Amino acid sequence: MSIVTIHLPEVKSKEESRPRHCPKCSGETFQRWGGEERSVRDPHIKQVRVYRYRCCRCHYVFRYYPQGIDQAQQTQRLRVLAAVAWALGLSYRGISGLFAAFGVTISRMAAWRDVQQRAQQLRSQWKGKKVRVIGVDGAYVLGWGKKQPVLVVIDLGTGQPITVGYVDEKGPRAVKSFLEPLVQQLGISVMVTDDLSSFKQVADKLQLEHQICQFHVRRWVGRALHELEHSLAEEWIWIVSEIRQVIDDLPIEGDKRLVALYRQLPPSRMGRLGAEYTPVEQLRSVIIRLAENWARFRVFDWQPDVPWTNNPTEQGIGKMKMRARTVRGYKTWPGMFSGLMVAGSGVV
């Protein structure tokens, strides 16, 4: 049986320690300057004690909130709970009704703001961190009346989304412009994607090692070879079997074996006027495509932290698409970004 663990911020009714630094001048000596009882919205705590302090250096007066409390009326725990409830499939009206059953009143708009804030927290948590391996993939999500292209970036170490961009994966320039700041900020060195040509161009321009998802490779190669088996002349069927064996084994010098198979084929006639794209030419094209990208198929073989498929990214996109269907389409890009980030992060 699966067990889901939800990590929620701890909330205290009062802070027992004193502030360490003044938020204005970084002073370390304070004088308590009164306090007050404040009502908060939380499943367990209804009242908290908030003290004010006066800095002895600059005389700045500020409030020092207990853990899990800030200027908002909702506690940090309640805000995270609202975002988790939304990620699990509840509507904003449903979240309001659920919390009302436990004696906590929040409006639908408050629940919406909680989801937006959670998305920004998920995005900002990557500041100052280093991520070596990312998964990148595109998706189409219903928004403002039609399917909109998005590009999803996942940390393959944790499976958590790093960010989502309003970018079409088929445009190499747009993809490069979107990924370049992330590469510089996070120190990314490896990118895992499907076999789309735009990703290959971007990986080369950004000087990233590029692992092509083996699931996608084996799927298109399998389909291509299956079709060729029914159209090739009998004398070339053995090459189809050899290609399958090379793909299954993924040897270090697999590209050389593919080139050797290529040389067994008759000379190409594609340069001649009126030449047809025959099954032999299709086989030749498959071999060339595999040989040219052989190094991109085997990064996982000598770097243990690089997965051989892009499944974590696909799983994150699956969560995003599932939640997008239940909201019947997003109305704006900021709303779509927040929804996809929260849905893709899952319950953590």
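Throughout, read-outs are computed from the coordinates displayed, never taken from laboratory work. Please read all numbers here as calculations on a predicted model, not as lab measurements. Virtual Cβ from ideal backbone geometry, glycine too; neighbours counted across all protein chains shown.
So here's what we get for this one:
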item: Pairs from LYS127/LYS147; LYS130/LYS176; LYS146/LYS200; LYS146/LYS170; LYS147/LYS321; LYS14/LYS129 whose Cα-Cα separation, in the structure shown, is over 23 Å; result: LYS127/LYS147; LYS146/LYS200; LYS14/LYS129
item: Net +/- balance of residues flanking GLN121 in space, Cβ distance below 13 Å, scoring K and R +1, D and E -1; result: +3
item: Between 0 and 90°, nearest 10: helix 311-326 axis offset from the chain longest Cα axis; result: 60 degrees
item: At 1.002 mPa s and 20 °C, Stokes D of the range 114-255 from Kirkwood alpha-carbon radius, µm² per second; result: 123 µm²/s
item: Relative compactness, the chain, computed as alpha-carbon Rg over 2.2 N^0.38 Å; result: 1.36
item: DSSP-assigned coil residues among trypsin sites (Lys or Arg not before Pro) in the range 235-329, each with at most 14 further Cβ atoms within 10 Å; result: ARG263, ARG269, ARG272, ARG328
item: Likely footprinting exposure, MET191, MET320, MET109, fewest C-beta neighbours within 10 Å first; result: MET109, MET320, MET191
item: Stokes-Einstein translational diffusion, the range 30-124 - Kirkwood Rh over all Cα pairs, 0.692 mPa s, 37 °C, in µm²/s; result: 223 µm²/s
item: Those Cys residues of the chain for which no other cysteine Cβ falls under 4.7 Å; result: CYS56, CYS213
item: Estimated 222 nm signal from helices in the chain, with DSSP H stretches of n ≥ 4 weighted -39500 (n - 2.57), rounded to 500; result: -13500 deg cm²/dmol
item: Cα-based helix-to-principal-axis angle, 214-229 vs the chain, degrees rounded to 10; result: 30 degrees
item: Using alpha-carbon coordinates, inclination of helix 172-186 to the longest axis of the chain, degrees; result: 50 degrees
item: Exposure proxy order (Cβ contacts within 10 Å, fewest to most) of MET322, MET336; result: MET322, MET336
item: Dipole magnitude (debye, nearest 20) for the chain, charges at Cβ of Lys, Arg, Asp, Glu; result: 2300 debye
item: Sequence-separation-based contact order of the chain, relative, with Cα cut under 8 Å and 6+ spacing, percent; result: 17 percent
item: Exposure proxy ranking, count of Cβ atoms within 10 Å, fewest first, for SER107, SER345, SER13; result: SER107, SER13, SER345
item: Principal axis dimensions, largest first and in whole angstrom, of the range 240-321 by Cα; result: 50, 33, 20
item: About the Cα centre, charge dipole magnitude for the range 30-124 (Lys/Arg +1, Asp/Glu -1 at Cβ), debye; result: 240 debye
item: Longest segment of the chain lacking chymotrypsin sites (Phe, Trp or Tyr not before Pro) that sit in a DSSP loop with at most 13 other Cβ atoms within 10 Å; result: 145-276
